[in-house]
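Taken together, the values in this text are just the output of simple stated rules run on the coordinates, not laboratory data. These numbers come from a predicted model, not from an experiment.
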Amino acid sequence: MKLSLAIMGSFLLALPVSASETNQVAEFLRAADNGENAKMISLMSDSQGVSGKKLLRKIENCYLRRVYGTPDKGIVAAWMCPEGEKKSRVIMADIGLASDGVAVQIAMERRNNRPAPARTGSALAEGDQ
């Protein structure tokens, strides 16, 4: 299920976390959607998940394609990475909360023998992107 900002807000409010923690996840996803790398790193956990430096290396030249809500994993973010005219790479990451910020865990990285689709708008917008 693709999450819009409204659905994501409802989903996050259903989690047993404080409002400030909920806002951290939403802020992180907005920053990722807008390519605000410094803001993403400032919101990330130093104790859990990948480091901000490693995440930025992984998603360099990528864009946030989709954000999903899953019953078993919670929030999953998908970055699309163009790699020339005929290839692309997809990075899927589980997004959660740690005691010191947003924890990002790379769940999958796959190379494709097809081009990345052009970005058509926000990954957090309603409708198809």
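Structure above, values below:
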read-out	value
Gyration tensor (alpha-carbon) shape descriptor, segment 80-129, a/c threshold 1.5	oblate
Residues whose placed amide H lies under 5 Å from that of Met44, excluding near-sequence neighbours	Val102
Interchain or long-range residues, amide H under 5 Å from Ile75's placed H	Thr70, Ile95
Global geometry of segment 46-113, whether rounded, prolate or oblate, following the gyration tensor of its Cα atoms and the 1.5 cut on a/c	oblate
Long-range HN-HN contacts of Ala98 with modeled amide H, under 5 Å	Ala103
